[in-house]
Amino acid sequence: MLIFLIYALTTIPLSLMLIYKMKGMDQLRAQTDKLKKSLDDMDEQAKLIVRTDMELNKIQEELDKKISGLYAIQKLSHIISMTLEEEQIFKRIQPEYLGELGFEKAFGFLWDDEKKQFTLRFSIGYAEEEIKPIASFMNSNKERCANFIMGERTLSSISASNNLISPEQLNEVFKVSSFIISPLAPQQVNKGLIFAGTQNIETQVTEGDEELLKILATQLAQSLENARLFEKIWRSQQELEKKVSERTRELTTALEEVKKISENKTNFVSSVSHELRTPLTSIKGYAAILLTGKLGDLPKEVHERLEKINRHSDELVHMVNELLDISRIESGKVAMRTEICGLKEIAAKVEDLLAGQLKERKLYLNIGINPEANSVLADCTQIERVLINLIGNAMKFTPPEGKITIRSLKTDKMVQVDVIDTGCGIPEEAHQAIFDEFYRVDNTINQEVKGTGLGLALVKHIIEAHSGKIWVTSAPGAGSTFSFALPAVT
Ligand code: ADP
């Protein structure tokens, strides 16, 4: 019993200890497993980190390549867009820009619509004898090349479907191991393509490179389009200039002819007037002698007729004198003696001269010369003539009890004089023509009022000989305002 007790007392704790230890072992094992799993996980994660790092490096490399490619494209695009000459655009594509994109060979062809073939516009990295077979390739595959251009998609050695260049041609004709080819498709003409490639077998073109070449092709196409439009505008401008100078030449010749005709007319009028003046003076002289009765008494009818002859001769002399004056001013034979003239003084002189007629016709003359607009640079005698003519006309065409006003005002560097009447007025369509020689408005008043149609023509010549201008504002029944402007005294 004691033995059993001793046995029990020793085994039970031992068993308990064993059980406890075994439990600890299990826990240890579980922890070891956990640790192992964590280590495995960590290993996996480390591998993942390495893999990610490698990928990141690759992406970084690609990004760097892309950035430097983009930078090169941006520089090249800027350079080619700075010219508007087709020749220059291609000359500016230099090897260093392509080098930055990883290519050492390149060329560009454009379709020549006149020659019906592709013509080489630039080449980089090819000797002359190397480019010839490429040109032959292009022109013996015109249709395929044209279809490729019209397709507006880039093609490269990594493209899934390359039905343009076979691997053998790539080596033998194009002398590259990888390439990108992109259409040049300006909106209108000059369609073509650009090719870039490399012999370096380690360099593989990427989709990114394709994109870059496409950007370059788009920029090139845009620059070609700009150059074409500029050329078109330049040509039209040249044509226009040619036409303008042709027309100017024609007009100058016509003007010279007109001048000659006008000169001939002036000379003719002047000599005819001279010729007329001598017989007219004798007619007037004889009529005057006969009218005095010194050569004997005249029957009443003869006297009346002689008076008519005398009156008509006076009118003719007046007309001939006006014609002579016009032709003299026109030919520049009468020089205007410019001095400072006071308009108030001239107007008063004219008023004195016409006072009798004004009274007779029951017309009221109002002179309102503004002291600020009194002095003009002109030939005073000629300006007096102008005012006599204008007031004379106003008197002729204004019914009794009417009013005639002379006023002046200053405009910029000129003095404007207005002669205003309350007469019959002038229709708009005659405003220009009344300043032509022999023009008279076709109205009932003119059938009664005598005139030659030369007065305003003479006035216009005098004003224009002073570098001034004359115009009329009028309407039938509303009176007329004849205005002229002369250089003011500053
Ligand atoms: P004339 O008075 O000798 O006919 P002018 O050359 O002076 O010649 O005038 C040309 C025409 O202009 C006149 O016949 C007349 O019809 C018109 N005219 C000129 N001045 C006036 C005026 N103040 N009012 C109305 N008509 C006028």
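Name the shape class, rounded, prolate or oblate, that the alpha-carbon gyration tensor gives for the range 340-465, where a ≥ b ≥ c are the square roots of its eigenvalues, rounded holds for a/c under 1.5, and otherwise prolate holds if a/b is larger than b/c and oblate otherwise. If you can, show how the numbers build up before the last one.
Values: a/c = 1.82, a/b = 1.30, b/c = 1.40.
The shape class here is oblate.
Considering Cα pairs under 8 angstrom that are at least six residues apart, work out the relative contact order of the range 86-236 and quote it in whole percent. Can you show the working numbers first?
Values: 217 pairs, mean separation 37.6, N = 151.
Here the relative contact order equals 25 percent.
Give, in nm to one decimal, the length gained when the segment between Ile261 and Thr381 is fully stretched (0.36 nm per residue of separation minus the Cα-Cα distance). Show your work: numbers first, answer last.
Values: separation 120, 0.36 × 120 = 43.20 nm, distance 3.00 nm.
Gain on extension, Ile261 to Thr381, equals 40.2 nm.
Go through the range 474-490 residue by residue and turn each phi into a ³J(HN,Hα) via Karplus (6.51, -1.76, 1.60, θ = phi - 60°); whole Hz please, and just put x for glycine and proline.
Here the 3J(HN,Hα) series is 6, 8, x, x, 10, x, 9, 10, 9, 10, 9, 10, 10, x, 7, 8, 9 Hz.
If you filter the range 393-450 for GluC sites (Glu not before Pro), then keep DSSP loop positions with at most 15 other Cβ within 10 Å, what is left? Don't skip to the end; give the middle numbers.
Values: sites: Glu401, Glu428, Glu429, Glu437, Glu448; in loops: Glu401, Glu437.
Sparse-neighbourhood loop GluC sites (Glu not before Pro): Glu401.
Give the accessible area for Ser68 in Å² (nearest 10); use a 1.4 Å probe, count only protein heavy atoms, and leave out ligands, DNA and RNA.
Its accessible surface works out to 50 Å², give or take rounding.
Rounded to the nearest 500 deg cm²/dmol, what is the calculated helix-only ellipticity per residue at 222 nm for the chain, with -39500 (n - 2.57) per DSSP H run of length n ≥ 4? Walk me through the numbers on the way to the answer.
Working: 12 runs with 290 residues, N = 490.
When only DSSP H runs of four or more count, the value is -21000 deg cm²/dmol.
How many angstrom lie between the C-alpha centres of the range 112-182 and the range 222-277?
A separation of 54 Å, based on Cα centres.
For Lys396, which aspartates and glutamates qualify as cross-link partners when the Cα separation must be under 13 Å and same-chain residues fewer than eight apart are set aside?
Result set, ordered by chain and number: Glu360, Asp421, Glu448.
Using label points projected 7 Å from each Cα along Cα→Cβ, tell me how many nm separate Leu35 and Glu207, to one decimal.
My value for the distance between the label points is 4.8 nm.
Can you compute the charge dipole magnitude of the range 86-236 about its Cα centre, using +1 on each Lys and Arg Cβ and -1 on each Asp and Glu Cβ, nothing else charged? Give it in debye, rounded to the nearest 20. List each step's numbers first, then the result.
On the way: 16 positive and 22 negative charges, 119 e Å.
The dipole of the range 86-236 has a size of about 580 debye.
Quick one: if the Förster radius is 25 Å, what FRET efficiency do Glu231 and Ile131 give, using the C-beta to C-beta distance and rounding to 0.05?
0.45
Heavy-atom accessible area of Thr473 with all protein chains present, probe 1.4 Å, nearest 10 Å²?
Taking all protein chains as shown, Thr473 has close to 80 Å².
Pick out, from Leu409, Gln60, Met25, the residue whose Cα sits farthest towards the positive end of the charge dipole of the chain, with +1 on the Cβ of Lys and Arg and -1 on the Cβ of Asp and Glu.
Highest projection toward the positive end goes to Leu409.
Out of the total accessible area of the range 339-487 (probe 1.4 Å, heavy atoms of protein only), what percent is carbon and sulfur?
Values: 3710 of 7420 Å².
Roughly 50 percent, rounded to a whole number.
Hey, any idea what the orientation-averaged projected area of the convex hull of the chain's Cα atoms comes to, in nm²?
Working: hull surface 244.5 nm².
Average of the hull's projected areas for the chain equals 61.1 nm².
About the Cα centre, and with charges only on the beta carbon of Lys, Arg (+1) and Asp, Glu (-1), how big is the dipole of the chain? Nearest 20 debye, please. Before the final figure, lay out the partial values.
Working: 60 positive and 70 negative charges, 167 e Å.
The dipole magnitude comes to about 800 debye.
Can you work out the Karplus-derived ³J(HN,Hα) for every residue in the range 280-293? Use 6.51 cos²θ - 1.76 cosθ + 1.60 with θ = phi - 60°, whole Hz, and x for glycine or proline.
Karplus-based 3J(HN,Hα) across the range 280-293 equals 4, 4, 5, 4, 4, x, 5, 4, 4, 4, 4, 5, 5, x Hz.
List the residues, sorted by chain then number, that are 5 or more residues from Ser178 or on another chain and whose placed amide H is less than 5 Å from its amide H.
For Ser178, whose amide H was placed from the backbone, the distant partners under 5 Å are Thr198.
Tell me the chymotrypsin sites (Phe, Trp or Tyr not before Pro) within the range 428-482 that lie in a loop according to DSSP and have at most 14 other beta-carbon atoms within 10 Å.
On the way: sites: Phe435, Phe438, Tyr439, Trp471, Phe482; in loops: Phe438, Tyr439.
Those satisfying the criteria are Phe438.
Go ahead and run the numbers for FRET between Asn370 and Phe268, Cβ-Cβ distance against an R0 of 30 Å, rounding to 0.05.
With a Förster radius of 30 Å, E is 0.10.
Show the residues, 5+ positions off or on another chain, whose built amide H is closer than 5 Å to the amide H of Asp112.
Those lying under 5 Å, H to H, from Asp112 are Gln117, Phe118, Thr119.
Give me the accessible area per residue for the range 339-487, probe 1.4 Å, as a whole number in Å².
Values: 7420 Å² over 149 residues.
I get 50 Å² per residue for the range 339-487.
Which whole-Hz ³J(HN,Hα) couplings does the range 42-52 yield from phi under the Karplus relation 6.51 cos²θ - 1.76 cosθ + 1.60, θ = phi - 60°, glycine and proline marked x?
Karplus values, whole Hz, x for Gly and Pro: 5, 4, 4, 5, 4, 4, 4, 4, 4, 4, 4.
Give me, ordered by chain and number, the residues 5 or more places off Val415 or on other chains with an amide H under 5 Å from its own placed amide H.
Long-range HN contacts for Val415: Leu486, Ala488.
From the cross-link list Lys403/Lys469; Lys75/Lys132; Lys132/Lys175; Lys362/Lys460; Lys362/Lys469; Lys403/Lys460, which pairs have alpha carbons spaced over 21 Å apart?
Values: Lys403/Lys469 25 Å; Lys75/Lys132 30 Å; Lys132/Lys175 12 Å; Lys362/Lys460 28 Å; Lys362/Lys469 31 Å; Lys403/Lys460 24 Å.
Correct reply: Lys403/Lys469; Lys75/Lys132; Lys362/Lys460; Lys362/Lys469; Lys403/Lys460.
At 1.4 Å probe size, with the rest of the protein present, what percent of the exposed accessible area of the range 86-236 is carbon and sulfur atoms?
On the way: 3810 of 7920 Å².
Within the range 86-236, the accessible surface is 48 percent carbon and sulfur.
The values are calculated or read from the model by the stated rules, or taken from the named source; none is laboratory data. Model, not experiment: these values are computed from the prediction. Virtual Cβ from ideal backbone geometry, glycine too; neighbours counted across all protein chains shown. When the accessible area is computed, the model is the full protein with side chains, heavy atoms only, and any ligands, DNA or RNA have been set aside. Shrake-Rupley method; radii C 1.70, N 1.55, O 1.52, S 1.80 Å.
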